[in-house]
1. Among B:Met139, A:Tyr292, B:Trp20, which residue has its Cα furthest toward the positive end of the charge dipole of the protein assembly as shown, with +1 on Lys/Arg Cβ and -1 on Asp/Glu Cβ?
2. Can you give the calculated 222 nm mean residue ellipticity of chain A, where each DSSP H run of n ≥ 4 adds -39,500 (n - 2.57) and the sum is split over every residue, rounded to the nearest 500 deg cm²/dmol?
3. Evaluate the relative contact order of region B:3-140 (contact order divided by residue number), counting alpha-carbon pairs under 8 angstrom at least 6 apart; express in whole percent.
4. For the protein assembly as shown, what mean projected area does the convex hull of the alpha carbons give, in nm²?
5. Loop-only chymotrypsin sites (Phe, Trp or Tyr not before Pro) in region B:1-44, please: DSSP not H, G, I, E or B, and at most 14 other Cβ atoms within 10 Å.
6. Please identify the GluC sites (Glu not before Pro) of region A:104-198 that satisfy two criteria: DSSP loop assignment and at most 10 other Cβ atoms within 10 Å. Which are they?
7. According to the Kirkwood expression over distinct Cα-Cα pairs, how big is the hydrodynamic radius of region B:3-140, in Å?
8. For peptide B:71-78, what's the mean number of Cβ atoms from other chains within 10 Å of each residue's Cβ?
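Every number here is computed from the coordinates shown, using simple stated rules; none is lab data. Please read all numbers here as calculations on a predicted model, not as lab measurements. Every residue, glycine as well, gets a Cβ built from its backbone with ideal geometry; the counts of neighbours run over all protein chains shown.
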Amino acid sequence: MGLDINKIRQDFPILTKEIYKKPLVYLDNAATTQKPLCVIEKITEGYCNCNANIHRGVHFLSQMATEAHEAARENVRSFINAASAREVIFTRGTTEAINLVASSFGDSQCSEGDEIIISQMEHHSNIVPWQLLQSRKGTTLKVIPFDENGILKVEELEKMITPKTKLVSVTHASNTLATVNPIKEIIRIAHAHDVPVLVDGAQSIPHFSVDVQDLDVDFYVFSGHKVYGPTGIGVLYGKERWLDAIPPYQGGGEMIKKVTFEKTTFNELPFKFEAGTPDYIGSTALSAALDYVKGIGLENISKHEHELLEYARTRMAEIEGMRFIGNSPQRSGLVSFLVGDIHPYDMGSILDKLGIAVRTGHHCAEPVMQAFGIEGTVRASFAMYNTKEEIDTLVAGIERARKMFHH
Amino acid sequence: MTINEKQDEIITEFEFLEDWLDKYQQIIDKGQSGKKMAEADKIPENLIEGCQSKVWVTAEYKDGKVYYQGESNTDIAGGIVVMLVEVLSGHTPDEIIESDLYFINKIGLKEHLSPTRSNGMLAMIKQMRLYAVAFKSKMES
């Protein structure tokens, strides 16, 4: 039973757009996904019918907005199977969620000489916050390497953990190599040494189901806009005992219980971490996006995207000079490639003129590029609404570019 | 040839290319066939800031005229810098400073480049003019 892709495409208004008089082929989903009408309508409806600042308000609209926001939290909880909605913190996205942990967990749990372990395939947003922690607290950063196929050398982790290790922070799926990491195994190893684990789920949540209790993960983060939701809203899941143990991230309204000039007591979870007016329009629209995904079925989406990915790799492999960056058999969502010595920007520019949107460059993962000795790649990334016909268009576009650059 | 005569020549080359991919082809070919710089000149000091691609430009002052060289690690930016070098090289600082580079609009470069590429091209032009200004002030002092 395949998905009815044509029907799904009708839910995404932008997909009918023409770019330079050519039908849009949108293959930049790892950067952000397009939004279904139900999400767009939820935003409009929120502002038209249900807009008032949430919590504390006694009036009708405020209560209505509060209920919608908290129902969204509950929906996120159920989507990732967290034990409690208190463990779901709304953030602006993956980046802010990691920064929150680096700041609240890092500053309170780490001291000079302590170690944070990340992997060589991290997005900059899972590198830089730890380097900032390093400059504040004198921690060190250790890096789990990957092999020539882009497979993480998980066996190294065991040797890297010392009594000084405070956290392992790794991505579930690579945004450049497509590698899906054996997260359960990583968590098992870290926990055997009493080390908590943060997992960056930005590239996994849209593609396959994630159960935070089954993973036994300590922190799990993702962005709404990569899972068909709006920009500016994301999620930090944290085990309650960790969120209770670490101090607030930012100060302001919402996160306090009582403020005097002498002393402030903080609110309980999850509000302790949500200073200021929360993005309640964003949270409810994210909730609508998750409902949409559930309606299609993550298993169906996974299967469809896997077929697309394998079809793309097979077709693209026929192109002369094609080189895939990342060849892990456990892969998801995207293909990173180079053709001959055509620069990724040049390839991207030609594909753009053909109406094909791909990403070019280092994809905010410069260490990955350094490992392969390249400046960047071209990346085609898939979503539930992409079709084999679109991949045929991509392959024809790459062929055309190859000829234009005389390769 | 004057700067404007050279610009007119480029405009003629592009005039009959209706499809934008054909225009890109012309730019790519220029980039690939352009004179290559000495490796020793491809140093960070000669990189144009504000370009997403790497673009190196050098300038030399000889007998009252400025001679440029330029290259990029990408073919499209390379083609653009080759055209700019072609148009501006071999002229006096005054001619370069006062030049109106109308060929860019005439061949539709500005409107068809992505904003990042378009900004990169403006950065190249700015740097090339700055060289001319520097040579001029050196000459006058």
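1. Of the candidates, A:Tyr292 comes out farthest on the positive side.
2. -12500 deg cm²/dmol
3. Contact order relative to length: 28 percent.
4. On the way: hull surface 124.3 nm².
It is 31.1 nm².
5. Answer by residue number: B:Phe16.
6. Working: sites: A:Glu112, A:Glu115, A:Glu122, A:Glu148, A:Glu155, A:Glu156, A:Glu158, A:Glu185; in loops: A:Glu112, A:Glu122, A:Glu148.
For GluC sites (Glu not before Pro) across region A:104-198 that sit outside H, G, I, E and B with at most 10 neighbouring Cβ atoms in 10 Å, the list reads A:Glu112, A:Glu148.
7. It is 15.1 Å.
8. Across the residues of B:71-78, the mean count of other-chain Cβ atoms within 10 Å is 5.
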